[in-house]
Amino acid sequence: MEKILSKDRLREWVDALDDCEVLAPAFADSVWNYARVEAETVIDLSHTNTINPPKQFAFPQREVFFRFERADGVPRLTPTLPDPRPTVVIGVRPCDGRGMPRNDTVFSKEFKDPYYWARRERLVLVGLACNQPHSPNCVCQSVGGAPHAEEGLDVLMTDLGDRFHVKGITAKGGELIARGGDAFASLQAGDPAEVARVHAAASSHPQRPVAELGTVAEAIRARFDSPLWEEMARHCIGCGICTYLCPTCHCFDINDEVTNPNHGTGERVRTWDNCQFPDFTMHTSGHNPRGDLGSRLRQRVAHKFLYFVENHGTQQCTGCGRCISECPVGIDIVAVVDRVSRA
């Protein structure tokens, strides 16, 4: 399904989704981030990429698995499986869209995670193609994507100036467009050529090269014990921003949080974890196989370009560039990969 949506009718489409929670980019505190669309919200799709990727809407940073209590000496568990409203996220950039199928694989390959999928199955991603790079660190094409990639998205919108070309990619996306009714118009004769021109222009912008996938994987294997890792990680402060802002990082920790020790009540909670934290792989014995900065940087890069390839057949990086742009000490994963590949 392909339609044309005049920009002045975007709100009409959103208002038709009155049974959904709709989120769109909003600018606040000097960054773009997703915010709930309210009645008074002016939807602005002139955004660069959001600071946080949309993975949070299927895999929140903190979620409760169940609550527990001990009453009369008998333990009782209360499950908290989520039952969310349908959620529509508008303005998802293609690099972030490509991250979602990788997360889907992780949370379903060996075991279908019911908490993740309860949200994921009610999540609709409305993508917005990039007409130009938003950062010198955008490398989507260098890792197999494109400024107009459709992977992981339900709808892809392309900005044509005063209107959007809107393409339904999945059945969920087609249904979402159909709900807009008369807000949408049919394509005119010149519209497909204009869409192709916009996509080609966006793809023509040069991007930093990333070494070929097979070369990177072999280089990481060959230089697993190289002192390069420690040298390149020397300035890391272990803040974890690189993985928290990544559209595909998915490591988590599970803890029991006691809320009232006298009554034995509490919650079992899943929270995001981070391979750059010193205690990420700490054993109960006190031994830590990744006790230094270099081994933790190696883990992050190897997860993206070696381990994920071995386990799932594709690299994990989608080229959004957040980990480069937001790193407070300037660690650059593209430069790291390049240096390891050339060493």
Query raised in the report: Got a sec? Which of P75, P114, P79, P60 is of a type outside the set (K, R), touching a Leu at 6+ places or on another chain (Cβ under 7 Å) and more than 23 Å from G144 (Cα to Cα)?
Result: P114
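Where in segment 39-142 are there strands (runs of 3 or more DSSP E), lying wholly inside it, with at least 1 residues that are touching a residue at least 60 places away in the same chain (Cβ under 8 Å) and hydroxyl-bearing (S, T, Y)?
Values: elements: 62-71, 74-79, 87-92, 123-128.
Qualifying strands (runs of 3 or more DSSP E): 87-92.
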Query raised in the report: Listed residues L228, L245; which is surrounded by 17 or more Cβ atoms within 10 Å (Cβ to Cβ), out of contact with any Leu (no Cβ under 8 Å at 6 or more places or on another chain) and touching a residue at least 60 places away in the same chain (Cβ under 8 Å)?
Result: L245
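Does T318 satisfy being among the β-branched types (V, I, T) and surrounded by fewer than 20 Cβ atoms within 10 Å (Cβ to Cβ)? Lay out the reasoning, then the answer.
On the way: among the β-branched types (V, I, T): yes; surrounded by fewer than 20 Cβ atoms within 10 Å (Cβ to Cβ): no.
So T318 fails the test.
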Query raised in the report: In the list S285, S325, which residue meets the criterion of being hydroxyl-bearing (S, T, Y) and surrounded by fewer than 13 Cβ atoms within 10 Å (Cβ to Cβ)?
Result: S285
Report summary line: Flagged pairs (Cβ under 8 angstrom, 6 or more apart or on separate chains; first in segment 190-211, without any contact (Cβ under 8 Å) to a residue 60 or more places away in the chain; second assigned to a loop (DSSP other than H, G, I, E, B)) are E194/L160; V195/L160
Report summary line: Every listed condition ((1) surrounded by 15 or more Cβ atoms within 10 Å (Cβ to Cβ); (2) part of a strand (DSSP E or B)) holds for F27 save (1)
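Going by the structure shown, is G173 assigned to a helix (DSSP H, G or I), under 25 Å from the mean Cα position of the chain (by Cα), in contact (Cβ under 8 Å) with a residue 40 or more places away in the chain and under 28 Å from L17 (Cβ atoms)?
yes
A short reminder: the numbers here are calculations on the coordinates, not readings from a lab. Model, not experiment: these values are computed from the prediction. Cβ sites come from the backbone with ideal geometry, for glycine too, and all protein chains shown count toward neighbours.
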